[in-house]
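Let me begin by presenting the structure, written as structure tokens, before commenting on it.
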Amino acid sequence: MGSMGRTVAELVGDRWDDHRPGLWFEGRWLSHHQVAAGAAARAALLAGLLPPGAEPHVGVLLDNTPEYPMWLSAAALARAAVAGINPTRRGPELARDIRHTDCRVLITERAHLPLLDGLELPGVRVLVTDTDAYSALLAPYEGAGPAASSATAADRLLLYFTSGSTGAPKAAVCTQGRLAAAGRSLADQFGVGRDDVHYICMPMFHGNAVIADWAPALAAGACVALRRRFSASGFLTDVRACGATYFTYVGRAVQYLLATPARPDDRDNPLRLGFGTEAGAVDAAAFERRFGVRLVEGYGSSEGGAAIRRTPGTPPGAVGRAAPGDDLAVVDPRTREECPAARFADDGRLLNGSAAIGELVNRGRNPFEGYWRNPDADRARRHDGWYWTGDLFYRDADGYLYFAGRTDDRLRVDSENLAAATIENILARYPDATAVAVHAVPDPVAGDQVMATLALRRGAASFDPAAFAAFLLAQPDLGTKMAPRFVRTADRMPVTATSKIHRAALRREGFRCQDPVWWRPPGERAYRRLREPDVERLEAEYRARGRAELLRGRTPGPHRG
């Protein structure tokens, strides 16, 4: 059967009676057969847990433990789908994610049980993996055999959350066929073989870890190694212990690794490749110099609608060219006309950013499979015959694409996709604010940082940074990546002619504006005034990272005080 027609269930079945090392976790090994047998047992258990007529959806709220890939495999065998539940979500927002994806079973562990306290989850059965009760529940099924699965390529397998214009995160659908095909494609692209070891240190509730790390290992019969949560200090120790040859990363992970103390034996490691996004050209080169490991940057829309591949000859700063089969264009969303090619100064600066930067669209066929029960979001993503990524790019005369940020209401903070509206709804509770606007400012290294503008109520005392920080800590649904890095305080919010908040003006000015700006320097919890020396140091960091151009077009103003 061709790779496009294969199912993840078949790939899991291929590992039955394969007694080579298949999974490494905290110094212990399981064979491929043990992992497949564990998946078969969980699939048999699941069949008895789902009520008749219920959607076959399983919520997984776990760190990267062996239970995670076993439940992914079990869902494939049982023709069920896994909804990856993000443990950085809180309170009603977390409950909403579980209910929205129609999960009737939730797999979690004791460390995450406090997140569920007080949540309204009617009809949801919770299984806690590191308990005697879970072991007893699973025991009768541990002899389950490799019964042939009736799964098809069209069966849903993943519901993974991404954010967008609606405010609430949307659950993108990924079928068994798409995941199996993506795994096979990446395995072929990077020459993954049976003897490779894929180190999964990015969270498995993200599409990155499952699609770009677990799936190619499964397709090639390679081993996987798990880390509960990413640890920069533990990275090389793990890599050497498990013999890792491949890993994926997102956002600032590469910077965190580079920030660890250098050692003479840093290049003494078995890694041959890292694959990810948003490391940046400067840090990717530094990583290869220090660790002897090549990083391959790529771009893939979370929903699968567009992909960019880096190929030999890709200029510094560029992501790459459109993947085979994609007809990618950078367009002005107002006119649907292609933006002109980027023009560069001799030092690499973008000279025509206001004209060249537009939204990336795929005008060809794409594998986007929609969002779970969200037709409005489907239409916003795919309309007029095109797939609209929601991401800003520019293209040079040779067709190489450069990432320029997110569209108005989306932020990507330390690899997390966030919606501005969600954060605004929380900050609107601040008693001294009459209006709130949240938008992205470029991060000096990768992705975005959160900036909030607060219009203070008439008669309010001057902004109290300690009181605002305490307010943030008291919000049960404020995720760990949502707290603003910069807070602009204003007497009134700038508005457009139609009395809407003038978000474009706020983004254009960023933290270099005439109003007072407060900020939390990296590693600090408290807010303090952003002064001119702080701005100068920040701008120097943007220049050093090759990202100063992303600040251009934002009108700087004097900083009072």
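Throughout, read-outs are computed from the coordinates displayed, never taken from laboratory work. For clarity, every value in this text was computed on a predicted model and none was experimentally measured. Neighbour counts run over all protein chains shown; Cβ positions are idealised from the backbone, glycine included.
Remarks
- Amide proton proximity set for Asn352, modelled H, under 5 Å, gap of 5+: Arg343
- Annotation: the residues Trp518, Trp71, sorted from fewest to most other C-beta atoms within 10 Å of their own C-beta, follow the order Trp518, Trp71.
- Taking amide H as placed 1.01 Å from N in the peptide plane, Ala433 has its amide H under 5 Å from the amide H of Arg457, each at least 5 places away in sequence or on another chain.
- Stretching the chain fully between Leu137 and Asp464 yields a gain of 112.5 nm (0.36 nm per residue, less the alpha carbon separation).
- Per-residue Cβ neighbour counts within 10 Å put Lys170, Lys481 in the sequence Lys481, Lys170, beginning with the fewest.
- Stretchable slack from Ala421 to Thr434, in nm (0.36 nm times residue separation minus alpha-carbon distance): 3.1 nm
- Charged side chains reduced to their Cβ positions (Lys and Arg at +1, Asp and Glu at -1) give the range 3-299 a dipole of some 320 debye around its Cα centre.
- Cα gyration tensor shape of the range 410-551, rounded if a/c is under 1.5, else prolate or oblate by comparing a/b with b/c: rounded
- Difference of contour (0.36 nm per residue) and Cα-Cα distance, Ala397 to Ala341: 19.6 nm
- Unit charges on C-beta of K, R, D, E only; dipole of the chain, Debye: 1020
- Cα lying deepest toward the dipole's positive end in the chain, options Leu72, Leu226, Ala490, charges on Cβ: Ala490
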